[in-house]
Structure formats: C-alpha cells, structure tokens
Amino acid sequence: MKARMENGRTEDIKAVWFENGKVRMIDQRELPLKLVIVDFEDYRDVAMAIKNMTTRGAPCIGASAAYAMCLAGLKKEDLDEAARYIKAARPTAYDLFYATDWMYDRLKAGDDPVRAADAYSDLTVDKCRKIGEYGGALIRDGMKLMTHCNAGALATVDVGTALAPMRNAHDAGKKFFVYASETRPRLQGMQLTAWELNQEGIDHAIIPDGSAAYYMSQGVDMIIVGADRIAANGDFANKIGTFDKAIVAKHFGIPFYVAAPVSTFDFSTKTGKDIVIEQRSEEEMTMVKDIRIAPVGSKALNPAFDVTPAEFVTGFITEKGIFKPTEISEMKE
Ligand code: MRU
C-alpha cells in the first residue's frame, strides 16, 4: 500500500512482514496520526499484538499468525503449544485458525519457517488482487459505493478485500465515490479506511454509523464489505453494524457484496448461529484515550461483530470469482 512516511516520502509498504529475524508491522492503533512500525521476536508478543489490535482485519490476522508460527519454528518452540496460544488471541476471524494450521503443517513437514510464512503472506496478497479484478468489473463511472469497517490493505497485508475492487477501478481510471462509515467504537472506518482512500486518492467521505440509511435513501449504487468468518450456508460475521446496513440495503434494493478470500470461509460451521462473536472490553466504549466519556456507573456492551444472514448477500467476491450464497459449496478447495 502507498504510505507517506515520516520523512515525507511515499513508500509501498505492507501491514506485516518479516525482516532481520523480526516480525514487523504497522501499529494500526496509531493511524492516522502517526505511522509507527513495531517489531516482535517472540510469538507470544505477536499473539498479544493480534489481541490488542496492533494488527487486525481477518486476512492480516491470518498473516500475523503465520509469522508468529514462523518465530515459534525458528526458536524451536513447542509447535502444538504455540498454535494453541496463537489461536486463543481472538475468536471470530477464521483466517487466524486457517493460517495457524497452514503454518503448523508446513513446519511439521520441515519447511523453512520464513519462506513458509512469506509464502502465506504473498498468497494472501495474490488472492486480494484477484478479488480486486473480479470486484472491480462491477464498478462503473459515477457510482456511489459504501463500505464499513476497514477491509483494505491494512486488514489484508496489502491491496484489501472490500477495498480491492475500488483500488482496481481507480487504477483503471474510473470515477466513483465511497461512503466510509466511521465504525464505532474502534473507528476502523474513520481512521484506517479513510487513511487508505486518502493515500490512494480515491474520492470519499467519512459518515457517522447511524447515517447509512439516510445516505442509502439518497442513492447508493453498491455496498462492499469484508468478512471475518463465512459459514457454509453463506451467513457471515463482520464488524458490528454490518447487519444493519445489509437490512437497509435490501429495503432500498441496493446490491450488497461481501469480498473475502476462500480462507475466510469456514465450511465446518454450518450456519451463522454457530459463529462465536467476540465481546470486547467496556473501556473501548466508555473511554477515549485516558478520558471516560460515559457516566460512571453505566455498563457498556461491546460486541465486535454481528452475523448477517445469507439472504441479504448479493454475492461473495472471492479470488475464484463471484458466488451467490447458494453456490458457495462450488468454491471448496
Ligand atoms: O476487529 P477488526 O478490526 O479485526 O475487524 C475487522 C473487520 O470486521 C473487517 O471488516 C473484516 O475483518 C474484513 S477484513 C478484510
């Protein structure tokens, strides 16, 4: 992804990578005010970085987990214990489990840890490029698009899932506009998606979460979101607030697409009812930095994701093409 560095130069960097024996990643909690790179040498610290959302977004969580397993492999740690520890970082994003198992198998087979993790990461980016090609073809000049949360390069190592079609269409010279919803309480839409769209020069505006129905009533041509886990029947978990948008989109007849690699599809989970929804801390809701903004004594609830039933999905944009929810079984690897 393009990123303006501290020295004022624009460079092409990834959200996570391996360099000189260390896992390096953009600290996504610091954006958009600062571009901070952090380093880790122990798999437990990478797991903590996943948990505290230094790194986040399903495919990027997957790649970070792959690099955590790489550190475990390099230091000859107990791989079963490392895999268990890394998988415990967050419960919902399926890529975390997929990537950890993928690396476990490679390490057990004797593959070089760095080469294997780099291969996993490169594969993730290749899949995103294909998602961009399939999804980009849906975008026409003059369209108004809407997205939620951050499903861009930061969430996927590079390129993105929901943002990949937008990047592809922008590179092809198409002119379109993106509504990015702010995404309370962690503000991934305002702080990360808007940062990425800015870096790419894609015309956009940040909107309050509660205004999505208003803007849809004024005319939105297509919605593209990412996903954290997609069940075998096409029900999918994504950032809290996705379900509301899908319901409103159906009301207005707006096409609603979910962009995700096949590694986000959990074919062993039959329906969305079986997806575990992460409950995060009250403080993410009640505090801004160190300042409490909610009344002392009020409780806060903070589910990180919701599940949108398959009937609301127009299509899943994957690296293998675009599938209706009823066609999902055809994409199995
Ligand atoms: O809690 P996060 O920031 O990890 O949640 C991310 C999302 O919900 C994204 O929309 C989803 O992971 C798709 S990422 C390409």
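The values are calculated or read from the model by the stated rules, or taken from the named source; none is laboratory data. Given the structure is predicted, the values throughout are model-derived calculations rather than measurements. Cβ placement follows ideal geometry from the backbone for every residue including glycine, while neighbour counts extend to all protein chains displayed. Surface accessibility is based on the protein's heavy atoms, side chains included, excluding ligands, DNA and RNA. Shrake-Rupley method; radii C 1.70, N 1.55, O 1.52, S 1.80 Å.
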Mean 1/r over all different Cα pairs, inverted: what Kirkwood radius does segment 240-280 give, in Å? 12.5
Calculated P(r) tail over 15 Å for segment 23-116, as whole % of Cα pairs: 53
Carbon and sulfur together cover what percent of the accessible area of the chain at a 1.4 Å probe radius? 50
What nm distance separates the two modelled labels at LYS289 and GLU327, each placed 7 Å from Cα along Cα→Cβ? 5.0
What is the calculated FRET efficiency for ALA205 to LYS108, with r their C-beta to C-beta distance and R₀ = 35 Å, to the nearest 0.05? 0.10
Residues in segment 169-187 reached by a label modelled at ASP12 [backbone nitrogen below 19 Å; 7 Å Cα→Cβ]: 169-173
Extend 7 Å from the Cα of VAL38 along its Cα-to-C-beta direction; within segment 137-158, residues with backbone N under 16 Å of that point are 155
Distance (nanometres) between label positions extended 7 Å along Cα→Cβ at GLU282 and TYR214: 3.1
Coordinate range along principal axes, alpha carbons of the chain, Å, largest first: 58, 51, 44
Assuming 0.890 mPa s and 25 °C, estimate D for segment 104-241 with Stokes-Einstein, Rh taken as the Kirkwood radius over Cα pairs, in µm²/s. 154
For the Cα atoms of the chain, what angle does the longest principal axis make with the long axis of helix 113-136, in degrees from 0 to 90, nearest 10? 10
